[in-house]
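The values are calculated or read from the model by the stated rules, or taken from the named source; none is laboratory data. What you are looking at is a predicted structure, and each value in this text was computed from that prediction instead of being measured. Cβ: placed from backbone, ideal geometry, glycine included. Neighbour counts: every protein chain shown. In case anyone asks, the SASA skips ligands and DNA or RNA and just uses the protein heavy atoms, side chains included. Shrake-Rupley method; radii C 1.70, N 1.55, O 1.52, S 1.80 Å.
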Amino acid sequence: MFTRFNFLIRSVSVLALSSLAWAAFAQGPVSAHVSATPLLLALNAKQQASLGVQVAAVQASTGGQLLASATVVMPPGKEFTVSAPYAGQVSRLLVGVGDSVKAGTALAHFTSPMLGDARRLLNEASLDYKNASAAAQRDQAMFDEGIIPAVRLQLSRSKQEAAQAQLHAREAELLAAGIRFDANTGYATGTLKAPLSGTVSEAFVAVGLRVDAGAMLFKLADSTQLQLDLQLSSDKATQLQVGDEVSVPSRNAKAKIIGVSRAVDASQSARARATVTYRGSLQASELVPAVVHAKGKASAAKPGTQWLVPARAVTQWRGKPWVFVANAQGFEAQTVNVVSSTDDLSLVEALWPVGSKVAVTGIASLRALLQKDE
């Protein structure tokens, strides 16, 4: 008994088993048959719980599937930045991050001396146009009665057109700035309005903080339509074509390829773009693992031999990738062939029955049990 205890202590020291793994040993015998492939680890439910082992079902892969990482993005024109039109400060915030707004909704009150000047110039231009219009109407009446010549009427009309152009220029300046004036705000204060309907995704301001002209204040996004920006190796990009289906199993979402760029960037990655056809639980700006169903890729694998598993289920041992497959006695450690992988998913080749489950947590402890007799 004493000799067996010493042997276990030496094994724990050499392999640096976790405390959970040692607890599993104390609860009953664990056997590892390393003489054959696959290798059997006999573990009861209590021992698995002590080791922190959890399992997940594998997903059968159809032929022509590729794995890629994708960033959820907005389509062009569906994201807009609201900037400071002049140097000044936000005097009041009217919305916060996550708020839904419609086009024209007030976002904040913005105060600036230059805004006061712009308002003054707008009022002057409006007054000049009214005076010029009145003069043109008066001269038109006098011309109709034969009191003034046509030259004077033409001069009045030219002045009216010039005043109208000046007024339009002042209005366009404030329109481009996204500013409107309200009766309940100060003379040098205007209201920043939303340029489109959507959600306030980011806010970069605080009340009273002075900002320069052009400083970013808000970022709005119309998240009713999303796209996937896929990062691919160059060899994967050559196998894709417009119309290929894309799925995101972790978010229960689907998309369709709308463009492929096979030119690689500085990180040696090619890109493809897909429009989301079924959103599921996708959120803008998140990075997700995607499965591309490439029509142009012929698969030499037999049906039922390729499986999608969580990437953390695959571990390296003896220079090969291994997976722990659950069975009635515990787990079988099996070697697999990794066809493709991302940070979250791996596409592997193995002869497994439908409904198989693999260990996704406690992998280090399971591998330590395999190594204990080496």
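Give me the one-decimal Kirkwood hydrodynamic radius in Å for the range 196-352, with the sum taken over alpha-carbon pairs. Present the calculation step by step, with values, prior to reporting the outcome.
Details: mean 1/r = 0.0532 Å⁻¹.
For the range 196-352, inverting the mean 1/r across all distinct Cα pairs yields 18.8 Å.
Given R₀ = 56 Å, FRET efficiency for LEU93-ALA328 by Cβ-Cβ distance, to 0.05?
The calculated FRET efficiency here is 0.35.
Please report the carbon-and-sulfur percent of the accessible area for the chain; probe 1.4 Å, protein heavy atoms only, DNA, RNA and ligands left out.
The nonpolar share, carbon plus sulfur, comes to 54 percent.
Please give the Cα centre distance for the range 250-288 versus the range 68-130, rounded to the nearest Å.
Between the Cα centres of the range 250-288 and the range 68-130 lies a distance of 31 Å.
Compute the Rg/Rh shape ratio of the range 76-142: radius of gyration over Kirkwood radius, all on alpha-carbon atoms.
1.22
State the answer as a single residue: which of GLY319, ALA213, THR105 lies farthest towards the positive end of the charge dipole of the chain, with beta carbon charges of +1 for Lys and Arg and -1 for Asp and Glu, about the Cα centre.
My answer, from the dipole projection, is GLY319.
Using a Cα-Cα cut-off of under 23 Å, which lysines could be cross-linked to LYS193, ignoring same-chain neighbours fewer than 8 residues away?
LYS78, LYS102, LYS219
Collect residues whose amide H, placed 1.01 Å from N in the peptide plane, falls under 5 Å from the amide H of LEU240; neighbours closer than 5 in sequence don't count.
When sequence neighbours closer than 5 places are left aside, there are no close amide H contacts.
Name the residues whose placed amide hydrogens come within less than 5 Å of the amide hydrogen of LEU196, ignoring near sequence neighbours (fewer than 5 apart) on the same chain.
GLY104
Roughly what percent of Cα-Cα pairs across the range 172-267 reach past 17 Å?
That fraction is 70 percent.
Could you state the principal axis extents of the C-alpha atoms in the chain, from the largest down, to the nearest angstrom?
Extents along the principal axes: 126, 48, 33 Å.
In terms of Cα to Cα distance under 23 Å, which lysines are near enough to LYS159, apart from those fewer than 8 places away along the same chain?
LYS130
Residue by residue through the range 84-92, which ³J(HN,Hα) values in whole Hz follow from phi under the Karplus form 6.51 cos²θ - 1.76 cosθ + 1.60 (θ = phi - 60°), with glycine and proline marked x?
Values per residue, Gly and Pro as x: 5, x, 9, 5, x, 8, 7, 8, 7 Hz.
If you take every residue apart from SER156 with its C-beta less than 14 Å away from the C-beta of SER156, what net charge results, scoring Lys and Arg +1 and Asp and Glu -1?
Working: positive: LYS130, ARG138, ARG152, ARG157, LYS159; negative: ASP128, ASP139, ASP144, GLU161.
Within the 14 Å Cβ shell, the charges total +1.
Sorting check: for 138-151, 318-331, which peptide has the highest mean count of neighbouring beta carbons within 10 Å, and how do the rest follow? Provide the component values of the computation, followed by the final result.
On the way: 138-151: 12.2, 318-331: 17.1.
Put in order of decreasing packing, that is 318-331, 138-151.
Please give the peptides 91-97, 126-132, 270-276, 250-256 ranked by average Cβ packing (other Cβ atoms within 10 Å per residue), highest first, as a rough proxy for protection.
270-276, 250-256, 126-132, 91-97
Which lysines have a Cα lying under 24 Å from the Cα of LYS236, excluding residues fewer than 8 positions away in the same chain?
In chain and number order, the partners are LYS254, LYS256, LYS295, LYS297, LYS302, LYS320.
For the range 101-201, compute Rh as the Kirkwood radius over C-alpha pairs and then the Stokes-Einstein diffusion coefficient at 10 °C and 1.306 mPa s; write the answer in µm²/s, rounded to an integer.
Rounded, D is 101 µm²/s.
Report, in debye and to the nearest 20, how large the dipole of the chain comes out about its Cα centre when Lys and Arg carry +1 and Asp and Glu carry -1 on their Cβ.
Computed about the Cα centre, the dipole is about 960 debye.
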